[in-house]
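A.B. asks: Could you have a look at this structure, given as structure tokens, before my questions?
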Amino acid sequence: MELTPERLLAQLDQEALRPVYLIAGPEPLRVLEAADAVRASARKQGIAEREIFEAEGNQREPDWNAMSASFRAPSLFASRRLLELRLPTGKPGKEGAEVISDFCADPPGDVSLLITAGEWSKQHGGKWSETVAKVGHVAVAWAIKPHELPDWIERRLRARGLRADRDAVQSLADRVEGNLLAAAQEVDKLALLSDGETLTVDRMQALVADAARFDVFRVLDAAMNGQGAQVSRMLAGLRAEGEAVPALLGMVVMELQRTAALARVAARGGNIASEFKAQRIWDSKQPMYRRALQRHDARRWEGLLAQAGRVDRMAKGREVGDAWVALERLLLAVAEPRALRLLSVSAV
């Protein structure tokens, strides 16, 4: 039976760790939190050893032979192990499906398998996922619909010991525009700032008043996720509020440097997973970077970084042009390769 990630969390508190879990879906935060809950449950049950399998370098799939061998290999350091299989596309292919099915047909007593996927639809399932459901759990994190978001936020507020009236919850839902990670960050901030009273609309708006650092993260996420329309809308809001380009550009440059470094590693067939770790990029953010890396190669990311230098010079009056226009064009180019042509047009 298919569970929601939230229902899976409840199941983990009620039973011993299952041999296998499949957690997938287009909502990264819900996938990440459910996977973290499985890891936490494993630790509580004495499982300290963890091994990760995913595609690296120029490989399109994990090393299935190595993974299959690891299923049967005795642990050197612990009596039980957690193996993680990361499938960004949600498709293991024929060989991978056979490896997973064979594992589920006769799961080793000392191994639990956690499979996570960043993409999922009704067409993704098959015999391999059905075998997972027979001996373990399948949890799918479907995207939260707009009318479902207020209830999701209200449950999260309650989980943090907060109370809010319905209008206050709706105001927060309107602010985050469907971005669950942004909503979760705001709830965490409210938990620190709230005085314990029920949150009204006025109190909610005062506590989550726009902060440049927070909103720039949202703009960058929109650009990296290919959401050009949101980039333009949010930048217009920041400009209207009187923010200055130099105050925003530091984080833009940092994000471009990080992505360019990832692109260089990918170009030479290096270990992208290790680079994610080196760059301290959370698991929930990695699908966003992978999508961005598919839009531009390493050379182009370097070019985008150079364009950020032009924006900086415009903002400081060292080059002719409107820094806001140049910044918007830069982030639109990050979001959509077709917008690259805008970078050659004078920003006046």
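The values are calculated or read from the model by the stated rules, or taken from the named source; none is laboratory data. Small disclaimer: the values here were computed from a predicted structure and weren't measured. Because the Cβ atoms are built from the backbone with ideal geometry, glycine has one as well, and the counts that use them run over all protein chains shown. Each accessible area value is taken on the protein alone, full model and side chains, heavy atoms only, with ligands, DNA and RNA left out. Shrake-Rupley method; radii C 1.70, N 1.55, O 1.52, S 1.80 Å.
A.B. asks: Roughly how many Å² is the accessible area per residue of the stretch 46-172, as a whole number, for a 1.4 Å probe?
C.D. replies: Each residue of the stretch 46-172 exposes 53 Å² on average to a 1.4 Å probe.
A.B. asks: Whenever you get a sec, compute what percent of the accessible area on the stretch 232-348 sits on carbon and sulfur atoms (1.4 Å probe).
C.D. replies: The value for the stretch 232-348 is 51 percent carbon and sulfur by accessible area.
A.B. asks: Based on DSSP H runs of at least 4 residues, each adding -39500 (n - 2.57), what is the mean residue ellipticity at 222 nm of the chain after dividing by all its residues, to the nearest 500 deg cm²/dmol?
C.D. replies: -17500 deg cm²/dmol
A.B. asks: Grab the other residues whose beta carbon is less than 14 angstrom from that of Ile23, score K and R as +1, D and E as -1, and report the net.
C.D. replies: Summing Lys and Arg as +1 and Asp and Glu as -1 gives -3.
A.B. asks: May I pose another question? Once the piece of chain linking Arg60 and Val201 is laid out straight, how much longer is it, given 0.36 nm per residue of separation minus the C-alpha distance between them?
C.D. replies: 45.9 nm is the gain from fully extending Arg60 to Val201.
A.B. asks: Net charge within 12 Å of Arg72 by Cβ-Cβ distance, Lys/Arg positive one each and Asp/Glu negative one each, not counting Arg72 itself?
C.D. replies: Within the 12 Å Cβ shell, the charges total -2.
A.B. asks: Then there is this: Let me check against my output: what whole-number percent is the relative contact order of the stretch 1-150, with C-alpha pairs under 8 Å and at least 6 apart?
C.D. replies: Over the stretch 1-150, the number comes to 42 percent.
A.B. asks: Against the longest alpha carbon principal axis of the chain, how many degrees, from 0 to 90 and to the nearest 10, is the axis of helix 166-176 turned?
C.D. replies: So the helix axis and the longest Cα principal axis differ by about 80 degrees.
A.B. asks: Rolling a 1.4 Å sphere over the protein heavy atoms, what is the accessible area per residue of the stretch 274-348, to the nearest Å²?
C.D. replies: That works out to 55 Å² for each residue.
A.B. asks: Something else about it: Say R0 is 25 Å: what FRET efficiency, to the nearest 0.05, do Lys122 and Arg291 get from their beta-carbon distance?
C.D. replies: It comes out at approximately 0.70.
A.B. asks: Something else about it: Which number comes out as Rg/Rh for the chain once both Rg and the Kirkwood Rh are worked out on C-alpha atoms?
C.D. replies: When Rh is taken as the Kirkwood radius, the ratio is 1.01.
A.B. asks: According to the square roots a ≥ b ≥ c of the eigenvalues of the Cα gyration tensor, what is the shape class of the stretch 1-141, taking rounded for a/c under 1.5, prolate for a/b larger than b/c otherwise, and oblate for the remainder?
C.D. replies: Verdict is rounded for the stretch 1-141.
A.B. asks: Moving to a separate point now. Place a +1 charge on the Cβ of each Lys and Arg in the stretch 1-135 and a -1 charge on the Cβ of each Asp and Glu, then give the dipole magnitude about the Cα centre in debye, rounded to the nearest 20.
C.D. replies: Taking the Cα centre of the stretch 1-135 as origin, the dipole is about 160 debye.
A.B. asks: Still on this structure, I have one more. Net charge near Met204, counting Lys/Arg +1 and Asp/Glu -1 over other residues with Cβ under 10 Å of its Cβ?
C.D. replies: Net charge around Met204: -2.
A.B. asks: Within the chain, which is the longest segment that contains none of the chymotrypsin sites (Phe, Trp or Tyr not before Pro) sitting in a DSSP loop with at most 15 other Cβ atoms within 10 Å?
C.D. replies: Here the longest segment lacking exposed loop sites spans 78-281.
A.B. asks: Along the Cα-to-C-beta direction of Arg155, a point sits 7 Å from the Cα; which residues of the stretch 3-37 have their amide N less than 11 Å from that point?
C.D. replies: 4-10
A.B. asks: Quantify, in whole percent, the carbon and sulfur part of the accessible surface of the stretch 66-185 (1.4 Å probe; protein heavy atoms only).
C.D. replies: 53 percent
A.B. asks: Let me ask something additional. Across the chain, how many lysine pairs separated by 8 or more positions, or lying on different chains, have Cα atoms within less than 20 Å?
C.D. replies: 11
A.B. asks: What FRET efficiency, computed as 1/(1 + (r/R0)^6) with R0 = 56 Å and r the Cβ-Cβ distance, is obtained for Arg268 and Ala105, rounded to the nearest 0.05?
C.D. replies: 0.90
A.B. asks: So how much slack lies between Ile281 and Gln257, counting 0.36 nm per residue of separation and subtracting their Cα-Cα distance, in nm?
C.D. replies: So the extension gain works out to 7.3 nm.
A.B. asks: Need one number: nm distance between label points at Arg50 and Lys316, each 7 Å from Cα along Cα→Cβ, rounded to one decimal.
C.D. replies: Taking the simple label geometry, Arg50 and Lys316 are separated by 4.2 nm.
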